[in-house]
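Have a look at the structure below, then the notes.
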Amino acid sequence: MRLPLDFLPSIHVQTLYEQSRTRTTQTSVPKREKFCAFMASHSDKYTWMRECFFETLSQYKQVDSGGGWNNNVGGIVGNRYNEGDYRLSKRKWLENYKFNICFENGSYPGYLTEKLFDAYIAGCIPIYWGDTSLRCGQSNNISFSYKGGGGIEKNTRDCINTSIPHIPPHLRDYTLNPKAFINAHNFPTLQELAQEVIRIDTDSKIYEEMYLQPLFLENFNPYTYYEAKLVAFLESIFSQCPKDALRREENGLAEMHLSLLRRGDNPKKYYKNKIRNKALKILGLPQKYKV
């Protein structure tokens, strides 16, 4: 079952649907004083695609970074680990910006998190990279091979994966409006992606036309659709007898874990002690040695 993170029944997805439904009825576009926002908590070997684009677009105008990585706004926006609803503070901050770089941590068909949706709700034009399945149904003659670790060839850091993956029709339950966001996968290089952002930023008519677009086509309601789909999925499990509903992998480790549970042992404690004893044996220390 394809169930994106942001489509789980919640106040966020209801707001998302209302925004998509009413955006086209607005008579004016809110004026945004700031150019582009970016938020990332960390940097590692898999996130250099978004960092490269941050640096590329920053050559045109300052891109404000409100996360832990390369922060340039005087402090981290919100507290994702100690806040009742971190996403609300994030969206409130995004409301000051025309654009939001919302790149995923990696690129893979179907890998779609809250980033694009948060940007849209806040009224930003999302600059999105990650889920290549959002291009299904489009035609493009340019194709770059996928090498993993960010979705581009390691020796061509400026290139973007523009290939169109094959996604079975039953997994395409909804369609995001391609006119409502800037899809990085439509551009073969980060430079060309940046030029598209500049084109929209400098043309108020194009910017307003994109802002007023609904995010979902055909008035799709993700809240009611996936609520019903989740209920049907759970009913299909609980309507079966336990034997037919069992999906546990059959192997030695799984059987050992199950036997521990049956006799009332704590599997976590068991494996922890097993690893500890093995380490002590390798080090030549007695089993009663305190670590």
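Please enumerate the residues belonging to segment 38-65 that are assigned to a helix (DSSP H, G or I) and either more than 21 Å from ALA122 (Cα to Cα) or without any contact (Cβ under 8 Å) to a residue 24 or more places away in the chain (or both).
Narrowing segment 38-65 to residues assigned to a helix (DSSP H, G or I): 48-58.
Matches in segment 38-65: TRP48, MET49, GLU51, CYS52, PHE53, GLU55, THR56, SER58.
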Query - Within segment 211-248, considering residues that are within 17 Å of VAL13 (Cβ to Cβ) and β-branched (Val, Ile, Thr), the one nearest to the chain's Cα centre (by Cα) - result: THR224
Query raised in the report: List the pairs whose first member sits in segment 112-137 and is in the same structural domain as VAL29 (by TED's automatic domain parsing), whose second member is small (Gly, Ala, Ser) and in a loop (DSSP other than H, G, I, E, B), and whose Cβ atoms are under 6 Å apart, counting only residues at least 6 apart or on separate chains?
Result: GLY130/SER107; SER133/GLY110
Requested in this report: Could you tell me whether segment 73-85 includes any residue that is assigned to a helix (DSSP H, G or I) and modelled with pLDDT of 85 or more?
Outcome: no
Query raised in the report: Looking at TYR128, TYR108, TYR120, which is the one that is under 25 Å from VAL13 (Cα atoms), assigned to a helix (DSSP H, G or I) and not aliphatic (A, V, I, L, M)?
Result: TYR120
Query raised in the report: Is there any pair linking a residue in segment 254-271 that is touching a residue at least 40 places away in the same chain (Cβ under 8 Å) to one that is charged (D, E, K, R), with Cβ under 9 Å and at least six apart or on different chains, and which?
Result: none
Requested in this report: Return yes or no: is SER41 among the small types (Gly, Ala, Ser) and either loosely packed, with under 15 Cβ neighbours inside 10 Å or at positive phi (or both)?
Outcome: yes
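The values are calculated or read from the model by the stated rules, or taken from the named source; none is laboratory data. Here the structure is a predicted model, which means the values were calculated and not measured. Glycine also receives a Cβ, built like all others from the backbone with ideal geometry; neighbour counts cover every protein chain displayed.
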